[in-house]
Each structure stands twice: as structure tokens, then as C-alpha cells.
Amino acid sequence: MPSSKTNRTELPRFGWPIQVKPEPCLPTTPEEAEAAFSANGDRSVAVRACRESFQSTSVFCLWIVYKDLLNEYAQQGWGPPPEFPTPPPFSIEPITGCGRGMVANRVIKTGETILVERPIVMHPAAVPLSPDHPRGMWGVVEDMYEVSFPHLGERERSLYMDLWNCKQLTGTLGNQLVGIARTNGLQSTFTRSKHLPHYGGVYPNISRCNHSCGPNATVKFDEEKMAMRLLANRTISAREQITISYTVLGDPCADRQDDLKTKYVFTCACKHCKPTKRSRPSRPLKHPYWNIPNQTTSDQVDVEAEIYVSDVRRDQISDRLSHAEELWEEWLSPLSKQSDRDLLQFHEDALVIIAQEGMEFTRIHDIAYLAHACAALEDEGGFRRWGNMLISLSGWSQGDEGGLQMKTWQDWVREPKTSPAWGLRVQTRGMAKGKGKA
Ligand SMILES: [Zn+2]
């Protein structure tokens, strides 16, 4: 056997874990933002009226950005608006206690695109301290909004002014415009930024989606087309509200509540924060990683105990991928103590817990592991089943990179024996037996 076999278990060769571009961290304090800005020369902000082409007369978005982005993106126009499903599978309706929200008007399948939409405004998610400005750090951006807002079309202006504002008002138009942007802005990342890649975009319909800690949809921003895509994380029933997440779902309930209260002034009452039923996995879990102590057995709802269990589960979900990497390496070594089934069990249990917590957006990784584990065991049917499920999911990165990864998987599903994991576990078992005999 060639000696290069020792490197055969390295993960990147297998096209997974699915290489979603790591999101750069958003500075959380003005001081951190200041440091990020200081690192890169000119940090002044500019505004550009975004049009489809340089001949277009209508402006679809006010783009308020650090100047380093002006030469990087779409100088001649952003092209025609991206296509989306027609008729739209949703309507915007009043939701008790939550203003208006988005409601599915038919069944929406897992991975389906619900809507692709361009922003009305886009501005930096963090700004450096501006001690000279009479209205503080957001003053510079407020001034820009005030000057440029009349350039937007009438329709865009009225859609925008109709959105909710939870930020403190000083009474100026600029302050109101920035308040609406900060209340409704969805993270939109421009990765070629030298200062700070994080921007907040306000979208006419997608910004109407309410929050849930177990959201049934996810947003993905395409920086080349300047468009946000809304995708279903799981099957959404007709008349079900379409929700996204405004916070970090792996965080404990108390931290999520604090974050939502600080940023958006509301208390989340989703079923994970205010459980009214005992939440149980859909089947018993078998892999020891997912064991947790202190689970109540009574049928009565103990809210504190439910939240405790949910916090532990979310922590396990967040940590599982580094654990999965170790398990995979061990499973493929000739001295492995795991059975063929152990690795599959770990990820099958992960899917059960992920569904219980409503964190389906992250399951693409477990499904990729399951597909490759089947390939390693030379289980063609299993590989195809998980591979096809993987291809249908919504977790792929935007643009060429995601498209290329998906095509690679499609090729493997057609010819499972060309997958790089094919037979790896079967071979190492053979090696272990060989050693045993010697
Ligand atoms: Zn919640």
C-alpha cells in the first residue's frame, strides 16, 4: 500500500465539512470598531445611489459605505434584479403581538428559495467614534441618510418609512431613517472590504420576517448581485409564519434574550424560550456524546428544566463539529475502537437533536459526514440517499464556490466509487486484521 495513504483521512479532500466562508467577526464595542477602522487608512463614508445600469434613472438602493468599497463593487450598475419564485409563496400579514410578519401561503419545501430581494438601504453595521459630531457616532451616517433619502423612488421611500423603529428618536429625519435601518437591517457582508465587511441592509419584505430561536428560514446575502435570498430550512406548512434568527442560536436562552432586548427591545416568546410542552427527542439517543444529566421524567412542564436542557443541547450542537472531526479520524484509523455504526449513530442523533432545537440550518455538516461514512463503508445506497439530501439543502455558500461544491457532490452521487472516501473504513479494517495476524 503506498505510504501516501496516511494522509487520506484529511478532511478538506472530501469537500467537507462544507466549506462555508468563515464570517469575519463583527467588532462588538466602539473601541474594537475604532481599531478595525484605524488599521486601514481613509475611513470616510460615501454614499452611492445603486441602479441596475449606468443609464437607469431609478435608484433601488442607497449604499452608504466606507470608500474602499466604491472601486470594488458594481461601478456601472448591479444588473437586472435577480429572479425569484412567482407567484410569491407568502403574504405579509398582521401577527398578534409582533406587528406584521411573513406567512407562507402554501407548503414550502426544505431548501426552497422563498424570495430574492434587493435592499432599499445599506449602511455600515458599526461606525467609528466621531467625537466631533454633535449627534455622536451615528451622526455622520444620519447626515448622509438625510441628504440622500430623497433620491430613492417614491415606492421605496414609502416601503421604508412604513417599517418599525425601536431605536431612540431625537426627532431629526436622519435619526429616524437610521433608527429604521438599525431596527430592520439584516447582516449583509462585503468580503472585499478593507475596513469592516459588515453592513446592515433593509429589505422591503425579508426585513418583515419575525425572529424565532428555531427559525424555519435562513437569509443569505449575495454580495456580487447585491441581493438577499430567503431559503426554507425545513418544510414550512401553509399558513405557518416564516421566521429567521436575529441572534446567535447556539447561545443559552438568557443570553439570547439579553441580546434581543438590547438590540430590538423585545422579549422572545418562541417555544424554545417559553416552552409550554415537554420537549422530547423524536426517538431515544444512542451515542454517548448526546447523554445529558438531570432530564426530568415527569410529564408536567418545568419551564426552567426545559430551558436548561435546551441550553445544554445547543451547546452540544455548537461543539459537535470539532468532536466529529476527532471521531472521523479515529474511526478511520486501523486501531479504531468504534464500531462501523458508531460514527453514523453520532450524526443520526445530531439530526434528531438539531430538529428538536429548530437549528436545521446547521445540519448540512452532519449529512455530509453521513454520506461519506456510507462511502467509507462502501454502502452505495446510503451514500446516494444522504448525498441527494445534501444537494437539496440550503446551506451552500453563495456564488461560484457553492455551485462548484454542489457540482462535485452531484458527480459523486452519480458515481459513488469516485468519492474520495470510498472504501476507506473497509480498507483500514483490512489493515487492522492484517496486523492482528502478524
Ligand atoms: Zn426564542
Complete set of residues in the stretch 199-212 that are polar (S, T, N, Q), open to solvent by 20 Å² or more (accessible area, probe 1.4 Å) and more than 16 Å from the ligand (Cβ to nearest atom): 205
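Would you point out which residue out of 83, 93, 117, 112 is surrounded by 19 or more Cβ atoms within 10 Å (Cβ to Cβ), under 29 Å from the mean Cα position of the chain (by Cα) and closer than 22 Å to residue 244 by Cβ?
Within the list 83, 93, 117, 112, the selection yields 117.
Here's the yes/no breakdown for (1) modelled with pLDDT of 95 or more; (2) within 14 Å of the ligand (Cβ to nearest atom):
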{"position": "197", "(1), (2)": "no, no"}
{"position": "214", "(1), (2)": "yes, yes"}
{"position": "217", "(1), (2)": "yes, no"}
{"position": "220", "(1), (2)": "no, no"}
{"position": "225", "(1), (2)": "no, no"}
{"position": "236", "(1), (2)": "yes, no"}
{"position": "242", "(1), (2)": "yes, no"}
{"position": "273", "(1), (2)": "yes, yes"}
{"position": "277", "(1), (2)": "no, no"}
Taking residue 250 as meeting all but one of (1) modelled with pLDDT of 90 or more; (2) open to solvent by 80 Å² or more (accessible area, probe 1.4 Å), write down the number of the exception. (2)
In the stretch 80-93, residues that are touching a Lys or Arg at 6+ places or on another chain (Cβ under 8 Å) and modelled with pLDDT under 95 total 2
Assess whether residue 256 counts as being open to solvent by less than 20 Å² (accessible area, probe 1.4 Å), of a type outside the set (Ser, Thr, Tyr) and not assigned by TED's automatic domain parsing to the domain that holds residue 428. yes
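Where in the stretch 68-166 are there strands (runs of 3 or more DSSP E), lying wholly inside it, with at least 1 residues that are farther than 30 Å from residue 355 by Cβ? Before the answer, list the steps.
Numbers: elements: 90-94, 100-104, 113-117, 121-124.
Passing ranges, in order: 121-124.
Based on this model, can you work out whether residue 369 counts as within 16 Å of the ligand (Cβ to nearest atom), among the aromatic types (Phe, Trp, Tyr), out of contact with any Lys or Arg (no Cβ under 9 Å at 6 or more places or on another chain) and not assigned by TED's automatic domain parsing to the domain that holds residue 257? Spell out the reasoning first.
On the way: within 16 Å of the ligand (Cβ to nearest atom): no; among the aromatic types (Phe, Trp, Tyr): yes; out of contact with any Lys or Arg (no Cβ under 9 Å at 6 or more places or on another chain): yes; not assigned by TED's automatic domain parsing to the domain that holds residue 257: yes.
No: the conditions fail for residue 369.
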Restrict the check to the stretch 176-184 and report whether at least one residue is assigned to a helix (DSSP H, G or I), of a type in the set (Lys, Arg) and within 26 Å of residue 260 (Cα to Cα). yes
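Going residue by residue through the stretch 400-420, is there one that turns out to be closer than 23 Å to residue 213 by Cβ and in a helix (DSSP H, G or I)?
no
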Starting from the stretch 253-273, take each residue that is of a type in the set (A, V, I, L, M, F, W, C) and list its partners that are away from the ligand (no atom under 11 Å from the Cβ) and at pLDDT below 95, counting only C-beta distances under 7 angstrom and pairs at least six apart or across chains. 265/166
Kindly indicate the residue of the stretch 252-268 that is in contact with a Cys (Cβ under 9 Å, 6 or more places away or on another chain) and assigned to a loop (DSSP other than H, G, I, E, B) and also farthest from the ligand (Cβ to nearest atom) among those meeting that condition. 265
Condition test on residue 320, is it within 21 Å of the chain's Cα centre (by Cα), over 30 Å from residue 377 (Cβ atoms) and assigned by TED's automatic domain parsing to the domain that holds residue 430? no
Taking the stated definitions as given, is residue 249 under 19 Å from the mean Cα position of the chain (by Cα), within 16 Å of the ligand (Cβ to nearest atom), among the hydrophobic types (A, V, I, L, M, F, W, C) and part of a loop (DSSP other than H, G, I, E, B)? yes
Here is a check on your reading of the model: is residue 329 in the same structural domain as residue 282 (by TED's automatic domain parsing), modelled with pLDDT under 95 and among the charged types (D, E, K, R)? yes
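The values are calculated or read from the model by the stated rules, or taken from the named source; none is laboratory data. Quantities reported herein were computed from a predicted structural model and do not represent experimental measurements. All Cβ positions, glycine included, derive from the backbone under ideal geometry; neighbour counts span all protein chains shown. Note: accessible area is taken over every heavy atom of the protein model, side chains too, but ligands, DNA and RNA are not part of it. Shrake-Rupley method; radii C 1.70, N 1.55, O 1.52, S 1.80 Å.
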